[in-house]
Amino acid sequence: MSNAQGNAISRRSFVKNTAVATLAATAAAGGASSLFGCAPKQVEEQQTTATGQVVANEIPEEGKIVWQSCCHCGFTACPIKCHVIDGTVRWIDNDTDGDPEFGGVAFRPCLKARSIRKWINSPERLKYPMKRVGKRGSGEFERISWDEALDIIAEKWQYTLDTYGPEAFYVCATGTRNYPIQRLMNLTGGYLGTYGSESNGQINQAATYLLGMDPVTFDCGGGLGSTTSAIKDADCGVFFGCGSGESRMCGMGEVYEAAKAREAGIPLAFIDYRLGEGSSGNPDEWFPIYPGTDAALASAIAYVIISEGKHDKEFLGKYAVGFDADTMPEGAPANSSYMDYIMGTGYDMIPKTPQWAAPICGLPSERIEYLAHFIADADTCYITQGYGPQRHHNGEWSAMAIAALAVITGNIGRPGTCPGLNGKGMQLEFDGGMWNSVPIGTNPVKKQISISGRFNAIDHGPEMTALTDNVKGGDKLNVGIKLMFLYEAGSFGNSSSDLNWAATILEDESKCEFIVGSDVIMSTSLPYCDIILPDLMYQERMNFVSTVTGGSAYGFVFGRPVQEPQFECRLSYDWCADLAERLGLRDEFTEGKTWEEWMKIRYEEESRPSAPHGNAPSFEEGLEMGFWRDPEPAEPIIAMDRFVADPVANPRTTPSGKIELYSEQLATIRDTWTFANGDRDVVRPVPSYFPEIEGVADVNDTYPLLFATWKAKNQFHSRYQVIEELQQACQHCLWINPIDAEPRGIQNGDELRVFNDRGEVRIMARVTARIMPGVVGMPHAHRRQMENGVDVGANANTLTSHHWSPISKNCPSTGSTLVQAEKA
Ligand SMILES: Nc1nc2c(c(=O)[nH]1)N[C@H]1C(S)=C(S)[C@@H](COP(=O)(O)OP(=O)(O)OC[C@H]3O[C@@H](n4cnc5c(=O)[nH]c(N)nc54)[C@H](O)[C@@H]3O)O[C@H]1N2
Ligand SMILES: Nc1nc2c(c(=O)[nH]1)N[C@H]1C(S)=C(S)[C@@H](COP(=O)(O)OP(=O)(O)OC[C@H]3O[C@@H](n4cnc5c(=O)[nH]c(N)nc54)[C@H](O)[C@@H]3O)O[C@H]1N2
Ligand SMILES: [Mo]
């Protein structure tokens, strides 16, 4: 940067000088007020910019600083510095401790976190407990008192326990989080459990069978994948379906690490059906492929690598089984190795050449060859995937086929590598109590269903078995879900698929007899609840989180309430204690402790010791600081490094203790289970491709477009949607390629009807070449709003299918859906 005199000055000294000048001006204009106290009144001064423009420079009142966090974007909990004046948040700042030079590190939250005061003070907030008075779904409620609400719940609780037993209880939450209500249920006999998550159910299976992940600790030697910061030691990077520019856009996460890598000249390739922000911010090259076809692409890449003899024979021999005939487990059928599948001597006798894959995935064969050389000709290639590719009907196999590329090229367990999976690797592996809560104890009910199985279990629970529905912990369910807590879960609008079908199940009061919703705003799930309880926002309670980022900086937020509870909103731990009292269990529930006391115990016992440098403050010190950041950057976590260093001492959790390119466990599943989707559910012991239901192989004249979804950068799922400014900043629209728009007479901004046999939505068109021809898509979790059977709010899940994947029984929420689109 140069100043007017032509002297080069660094950005940092420029910032410093400007700050001094501003402070001097402030003192002059506002009198001798203390700089850091709460004194200054709003001071206005004028500044002239370099271009001669005159701008007002408002310096807001400092107020009291209360640190809090945003709501975690799944993996990144950005710290926010709230300036509170007279008990109200007035403005939000960020961590400013980092070096202001580019390349320096500051935890800068995105537009969502910056809008937090509009979220917590939204006019749409729930204010009082309510009781349903109309039909389920009608949205007719009346205000009741907390006592009345808790009396009704206690009565239904006891009735359900006596009539159906604990297996009929269910907590509908996202993933497997811990909530106080689960602690209470565990004290009254437990509840039907959940495994998997909408985020990464399929990828976890891939990790388990191929790489031998420990499903309890998720340990792959450092989470499911390496941290993104590991990329600094790679020669190049390949990202399959990674929306990090939208899904982890905070200043400290993947975007930052990828940007640093690019600055250092490390080329990055992105594979996605659309050029989203995640890709456009970072890639040197974009490789568009049809949704659900990553395994075809990966297999063809493997074909090129193996035919050219560029696979890492030494690595495969030492660390993997099932690559070729020499390393097959005893008793496995002939010609069934991974190499047989790839080279065309396997079960289908089809060589997986680039020419075979090109029409399937829509990427020209030369580009596939190019990608193969991009990976194989580098000494070290960082291979990873986001969660998009696996959230498909065939997602387990997409995830495995991608990870197999890291295996055959030996890009595992050494600096600069990632084993092709990105899961916990998005985070730093230390426990920050991301969704902090009280310990929930042990669930006496051992049966579990997949997270996508909840509507099935309400509809026909007793028909669900281990072999047909992957019910775990027992052969079958004895009873359907009869009492459900919808707890911080937008199952009815955000997370679940095929919502019109789901509505018919919840409307029937004989199925799930009693539903309680705990939320903060009137979400689209709540009209199906019998009782609604208004919760506190994260920022209104003690909220302890780690700033997990996947980057090289980290810290803990010791969030304190930024404002008093509004209206009759209550901390869920407190009303659960009152409910426990009605069930005769208050003392067992609280053990005499407050929410804050539990936070402290969990921090001292779990989170503090997990900080990598052992230098985290005590809880009291942390509260004093509000936000603690480790002054030392964290070294990258390299997944599976311990295994690669010593495979005998650190075996994987697979039966062989090695990476299994041929999995006998999968062969057993194939031979013993009955599959919901018949022949379309394919299970093979090797990473391989099969066409998903409602994928490229099923495109037809009635529904010719592949429909796909991703994360909106202006929402965290449904959260923040009520903030008008955020909606304007990033309008909800359907991306459609000009090649598909033109014959339909569709232009930018037109209102469209998008439909299939499951439902119809209305949405604005965004005609753009940044999505492949033949594919249309939108961010998920926009508010569902039904008018005459049409969702005019355009929630993606009004259209998505419920064909769950063969093993994890997870719904294919980012894809596996065909639609037609036309002008409304
Ligand atoms: N702003 C924002 N951030 C979020 C969230 C949010 O709601 N909003 N949610 C958080 C949560 S809970 C999660 S789980 C993470 C998810 O984080 P990501 O995994 O990064 O995000 P997704 O949008 O699920 O999928 C990533 C990308 O996969 C692409 N994709 C979909 N199907 C396919 C496919 O078949 N093949 C290929 N190659 N690409 C495909 C999508 O276009 C998208 O760009 O994000 C977290 N961050
Ligand atoms: N089509 C499609 N479907 C998807 C996805 C996709 O990419 N595409 N992504 C999937 C993924 S990865 C996930 S994680 C799920 C997410 O699905 P959800 O977790 O259901 O999504 P949220 O919108 O975060 O829903 C949380 C609900 O909790 C409420 N809430 C917010 N804060 C609080 C609080 O402090 N207390 C209480 N009690 N309630 C609160 C919100 O208002 C909202 O109603 O969606 C999945 N579904
Ligand atoms: Mo998620």
- Name the residue, out of 368, 342, 375, that is under 32 Å from the mean Cα position of the chain (by Cα) and farther than 22 Å from residue 237 by Cβ. 342
- Query: Restricting the search to region 769-821, which residues are in contact with a strand residue (DSSP E or B) (Cβ under 8 Å, 6 or more places away or on another chain) and of a type in the set (Asp, Glu)?
  - Reply: 791
- Note on the structure: If you go through 782, 803, the only one that is within 15 Å of residue 502 (Cβ to Cβ), in the same structural domain as residue 700 (by TED's automatic domain parsing), touching a His at 6+ places or on another chain (Cβ under 6 Å) and not in a strand (DSSP E or B) is 803
- Determine whether residue 333 is under 30 Å from the mean Cα position of the chain (by Cα) and either away from ligand 3 (no atom under 16 Å from the Cβ) or under 25 Å from residue 705 (Cα atoms) (or both). no
- Message: Looking at region 311-319, can you tell me whether even one residue there is modelled with pLDDT of 95 or more, in contact with a Pro (Cβ under 8 Å, 6 or more places away or on another chain) and either assigned to a loop (DSSP other than H, G, I, E, B) or more than 22 Å from residue 389 (Cβ to Cβ) (or both)?
- Response: yes
- Hits in region 713-725 (condition: within 13 Å of ligand 3 (Cβ to nearest atom) and touching a Phe, Trp or Tyr at 6+ places or on another chain (Cβ under 9 Å)): 719
- Report whether or not residue 712 is outside any loop (DSSP other than H, G, I, E, B) and within 16 Å of ligand 1 (Cβ to nearest atom). no
- Just give me the residues in region 659-682 being surrounded by fewer than 20 Cβ atoms within 10 Å (Cβ to Cβ) and in a loop (DSSP other than H, G, I, E, B), in sequence order. 673, 674, 675, 676, 677, 682
- Task: Restrict the check to region 815-822 and report whether at least one residue is within 16 Å of ligand 3 (Cβ to nearest atom), modelled with pLDDT under 95 and in contact with a Pro (Cβ under 7 Å, 6 or more places away or on another chain).
- Result: yes
- Query: Hey, any hits in region 730-742 for a residue that's touching a helix residue (DSSP H, G or I) at 6+ places or on another chain (Cβ under 6 Å) and within 19 Å of residue 815 (Cα to Cα)?
  - Reply: no
- Could you run through region 378-422 and say how many residues are within 16 Å of ligand 2 (Cβ to nearest atom), in a helix (DSSP H, G or I) and under 16 Å from residue 238 (Cβ atoms)? 2
- Matching residues in region 451-469 - criterion: being among the polar types (S, T, N, Q), buried (at least 17 other Cβ atoms within 10 Å of the Cβ) and either over 24 Å from the mean Cα position of the chain (by Cα) or at pLDDT below 95 (or both): 452
- Only one of 794, 769, 821 that is more than 14 Å from ligand 1 (Cβ to nearest atom) and in a strand (DSSP E or B): 821
- Out of the residues in region 234-258 that are more than 11 Å from ligand 1 (Cβ to nearest atom) and not aliphatic (A, V, I, L, M), which is farthest from the chain's Cα centre (by Cα)? 235
- Task: Within region 737-748, identify whether any single residue is in contact with a Leu (Cβ under 6 Å, 6 or more places away or on another chain) and either modelled with pLDDT under 95 or not in a loop (DSSP other than H, G, I, E, B) (or both), and answer yes or no.
- Result: no
- Scanning region 182-203 for residues that are under 17 Å from the mean Cα position of the chain (by Cα) and farther than 21 Å from residue 474 by Cα, which turns out farthest from ligand 1 (Cβ to nearest atom)? 202
- Message: Out of the helices (runs of 4 or more DSSP H) lying entirely within region 494-594, which hold 2 or more residues that are in contact with a Leu (Cβ under 6 Å, 6 or more places away or on another chain) and surrounded by 20 or more Cβ atoms within 10 Å (Cβ to Cβ)?
- Response: 572-582
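Yes/no per residue for (1) free of Cβ contacts under 8 Å to residues at least 60 places away in the same chain; (2) not assigned by TED's automatic domain parsing to the domain that holds residue 323:
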| site | (1), (2) |
| --- | --- |
| 667 | no, no |
| 674 | no, no |
| 685 | no, yes |
| 701 | yes, yes |
| 711 | no, yes |
| 714 | no, yes |
| 721 | no, yes |
| 725 | no, yes |
| 730 | yes, yes |
- Query: From the set of residues in region 232-291 that are basic (Lys, Arg) and modelled with pLDDT under 90, which is nearest to ligand 3 (Cβ to nearest atom)?
  - Reply: 248
- Mind counting the residues in region 694-709 that are surrounded by fewer than 21 Cβ atoms within 10 Å (Cβ to Cβ), part of a loop (DSSP other than H, G, I, E, B) and either within 15 Å of ligand 2 (Cβ to nearest atom) or of a type outside the set (Phe, Trp, Tyr) (or both)? 5
- Task: Restricting attention to region 371-421, report how many residues are among the basic types (Lys, Arg) and closer than 16 Å to residue 289 by Cα.
- Result: 1
- Name the single residue, out of those in region 359-389 being small (Gly, Ala, Ser) and either crowded, with 19+ Cβ neighbours inside 10 Å or in contact with a Cys (Cβ under 9 Å, 6 or more places away or on another chain) (or both), that is farthest from residue 775 (Cα to Cα). 378
- When (1) touching a residue at least 60 places away in the same chain (Cβ under 8 Å); (2) surrounded by fewer than 22 Cβ atoms within 10 Å (Cβ to Cβ) are applied to residue 742, the one that fails is (1)
- Query: Got a sec? Which of 191, 209, 170 is at pLDDT 80 or above, away from ligand 3 (no atom under 16 Å from the Cβ), assigned to a loop (DSSP other than H, G, I, E, B) and touching a helix residue (DSSP H, G or I) at 6+ places or on another chain (Cβ under 9 Å)?
  - Reply: 191
- On the given criteria, is residue 148 over 20 Å from residue 450 (Cα atoms), modelled with pLDDT of 95 or more and surrounded by fewer than 18 Cβ atoms within 10 Å (Cβ to Cβ)? yes
- Selected residue [surrounded by fewer than 18 Cβ atoms within 10 Å (Cβ to Cβ) and polar (S, T, N, Q)] from 715, 721, 728: 728
- Item | Failed criterion for residue 761 (all others in (1) assigned to a loop (DSSP other than H, G, I, E, B); (2) surrounded by 24 or more Cβ atoms within 10 Å (Cβ to Cβ); (3) not small (Gly, Ala, Ser) hold) | (1)
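The values are calculated or read from the model by the stated rules, or taken from the named source; none is laboratory data. Here the structure is a predicted model, which is why all the values come from computation and not from measurement. We place every Cβ from the backbone using ideal geometry, glycine too, and count neighbours over all the protein chains shown.
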